[in-house]
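A.B. asks: The structure under discussion is supplied below as structure tokens; questions concerning it will follow.
No value in this document is a laboratory result; all are computed from the given coordinates. Please read all numbers here as calculations on a predicted model, not as lab measurements. Cβ sites come from the backbone with ideal geometry, for glycine too, and all protein chains shown count toward neighbours.
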Amino acid sequence: MSEKALSIENLTVTYGGITAVKNISLHIMPGEIVTLIGANGAGKSSTLKAIMRLAKSTGEIQALGQSVIGKETHEIARMGVALVPEGRAIFGNLSVRENLELGAYVKREAEGMKKRFGEVVELFPRLGERMSQNAGTLSGGEQQMLAIGRAMMAEPRILLLDEPSLGLAPKLVMEIFAAVRAIAKKGLTILLVEQNTRLALETAQRAYVLVSGEIALSGNAAELRHDPRVKDAYLGDSAHA
Amino acid sequence: MQVFFQHLVYGLSSGSVYALIALGYTMVYGVLGLINFAHSEVFMMGAYAGLYCALGLGYQPDTPFPLVNALVVLLFAMMAAAALGVTIERLAYRPVRHAPRLTPLITAIGVSLLLQNLGILFFSATPKPFPRIVAETVFHVGGVVVTNVKLVIFGVSIALMLGLQWFVFRTWTGKAMRATSVNPAAARLMGVNVNRVIGSTFALGSALAAAGGILFGLDQTTVSPQMGVMIGLKAFVAAVLGGIGNIPGAVIGGIVIGLAEEFTSGYLSSEYRDAITFVILIAVLLFRPQGLLGVVRQEKV
Ligand SMILES: Nc1ncnc2c1ncn2[C@@H]1O[C@H](COP(=O)(O)OP(=O)(O)OP(=O)(O)O)[C@@H](O)[C@H]1O
Ligand SMILES: [Mg+2]
């Protein structure tokens, strides 16, 4: 019944006494880019962590027609869901090549390692020039490229991106987002968490706005871009008093 | 010069045994951040597994094919120790994995004491002669005494360390181990079953310790339930010296400790043989706490 690529029903995420996400529901259709935007501490990362079972939660989450509740993180990765976490979480003491290889861990017995390397290098030519470099010595932008490239090595069907623009210069942000669009063209389903609201709304088809753990607004990204509530709070277009 | 080379031969052979044991400490620390104090008892149990295997098969120094027999004993002990290591992790460490740091540490000390006492119960506290699987042959190389046993010890250790190197860098399980030791949460996201990787790490480290136990038995000719205490401590210092969590570091640390011990007892006094290890430990902790090859650990996500 679920032709949705990802569906979240009544998700609540709590840490000890703190409720980070309160009873939210959202879904993504196959091949769609959906963005989840919101201020610091709104619960964006917590939502992504709950999908990967890295955070305790209640409610139902289905990915690719299967419930992820009761599954372990590595099993969800094997289902075809890849998270590029906040802070990138690259393997710092390993080379760029080893990081990418580990990205293909779920595919370890399969053919086509070379082809996947080729696709990642096509997406991020800079990584190709730095295959033997220790990943910990990459610049922030290159680390983000590596984190996305590494996720792509698993040939996932759903890609979860947590603030890929964080801490990067505008030119690099453009490069990263160009890659995200190129990935979307391959037919992947993408959930993009961002604080760069303008860029996120330009890239995505639909958006959910998270405020203090609750979905305050949702809808077509192009329309939300012109919604006064979004403009005031997130785009900084309104005249400040 | 002759004396120097004589100490070198002895130091390299005892050092390679320390290195084999140190690898287990360092690998488990790498994936779990736990100092597995029970590792020294896995070494001891591995030696006894080899002892009973050799007795059971009736191996004597004059049994044909001594090297094949030694290999049979070695493999049996390694498998038995691997099973023991996996069991310890499963029953003792996994339930306390997410408890505050002190809990797993105390658990490890408890397991260590338990195994020592089980050793006394089943094998008796009296040291037992280790079966002479390989008859000793003595060579004189330019005045330096070398025995085939020392050569076997050195050769087997090198072969196992090269095997480990291959495993860790070339197999998917090895790569998963390295990934887990850098960042377990990220490894999970890559589809790595971290529990299974931890189990494999215990199996591998324990098997190497058992090999160390067999080689120690061949060299020292007796084994006892307390044999793990001092050797384990020295191997642990070797791991710290090399940089705990660092595999090549453990090998270098083991060799350095073996040589330091041998040269100290040769050129100073054999009374300082054990003390030098602790001098090294204190020096490392004071001047280079991350060890020779260690890096300051990066924060885990
Ligand atoms: N491991 C944790 N333990 C306790 N509280 C946490 C934990 N992780 C997040 N929180 C809390 O949950 C709330 C939501 O955090 P979350 O990281 O999901 O926000 P976010 O929207 O991703 O913010 P940012 O844009 O700053 O990354 C915050 O109040 C945060 O302090
Ligand atoms: Mg966040």
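A.B. asks: Taking 8 Å as the Cα distance limit and 6 or more residues as the minimum spacing, I'd like the relative contact order of the stretch B:14-229 as a percentage.
C.D. replies: It comes to 44 percent, rounded to a whole number.
A.B. asks: Moving to a separate point now. Estimate the FRET efficiency between B:Gln165 and A:Asn220 by the formula 1/(1 + (r/R0)^6), using the beta-carbon distance for r and 51 Å for R0, to the nearest 0.05.
C.D. replies: The calculated FRET efficiency here is 0.35.
A.B. asks: Can you give me the Rg/Rh ratio for chain A, using Cα atoms for both radii and the Kirkwood formula for Rh?
C.D. replies: Answer for chain A: 0.96.
A.B. asks: Can you compute the helix-only [θ] at 222 nm over chain A? Use -39500 (n - 2.57) per DSSP H run of at least 4 residues, normalise by all residues, nearest 500 deg cm²/dmol.
C.D. replies: Helix contribution divided over all residues of chain A: -9000 deg cm²/dmol.
A.B. asks: How long is the gain from B:Leu8 to B:Thr103 if the chain were fully straight, where each residue apart is worth 0.36 nm and the alpha carbon distance is subtracted?
C.D. replies: Length gained, B:Leu8 through B:Thr103: 30.1 nm.
A.B. asks: I would also like to ask the following. Note down the magnitude of the dipole of chain A about its Cα centre, charges +1 on Lys and Arg C-beta and -1 on Asp and Glu C-beta and zero elsewhere, to the nearest 20 debye.
C.D. replies: 280
A.B. asks: For the pair B:Phe278 and B:Arg90, how long in nm is the line joining their label points, each one 7 Å along Cα→Cβ?
C.D. replies: Reported label-point gap for B:Phe278 and B:Arg90 is 3.9 nm.
A.B. asks: Next question, about the same structure. Hydropathy at least 0.5 by Kyte-Doolittle, axial extent at least 27 angstrom from the Cα trace: which helices of chain B, defined as entire DSSP H runs, fit?
C.D. replies: Counting only whole DSSP H runs, the qualifying helices are B:2-32, B:66-88, B:102-123, B:148-170, B:194-220.
A.B. asks: Right, another one. Cα to Cα, under 20 Å, and not fewer than 8 places away if on the same chain: which lysines meet these conditions relative to A:Lys114?
C.D. replies: List returned: A:Lys186, B:Lys175.
A.B. asks: Provide the net charge surrounding A:Pro164, with neighbours chosen by a C-beta distance below 11 Å and charges set as Lys +1, Arg +1, Asp -1, Glu -1.
C.D. replies: -4
A.B. asks: Which semi-axis lengths, in whole Å and largest first, follow from the square roots of five times the eigenvalues of the Cα gyration tensor of the protein assembly as shown?
C.D. replies: In descending order the semi-axes read 55, 23, 21 Å.
A.B. asks: Return the lysines within reach of A:Lys22: Cα separation strictly under 21 angstrom, same-chain partners fewer than 8 residues apart disregarded; answer none if there are no such residues.
C.D. replies: Correct list for A:Lys22: A:Lys44, A:Lys49, A:Lys56.
A.B. asks: For chain A, give me the percentage of DSSP beta bridges that are antiparallel, rounded to the nearest 5 percent.
C.D. replies: For chain A, the DSSP antiparallel bridge percentage is about 55.
A.B. asks: If you don't mind, there's one more thing I want to ask. Sticking with the crude label model, points 7 Å out along Cα→Cβ, report the distance from B:Leu114 to A:Lys56 in nm, one decimal please.
C.D. replies: Here the answer is 2.6 nm between the modelled labels.
A.B. asks: If you don't mind, another one. Which whole number of Å³ per residue matches the convex hull of the alpha-carbon atoms in chain B?
C.D. replies: 135
A.B. asks: To check you understand DSSP bridge types, tell me what percent of the beta bridges within the protein assembly as shown (both residues inside) are antiparallel, rounded to 5.
C.D. replies: Of the beta bridges lying entirely in the protein assembly as shown, close to 60 percent run antiparallel.
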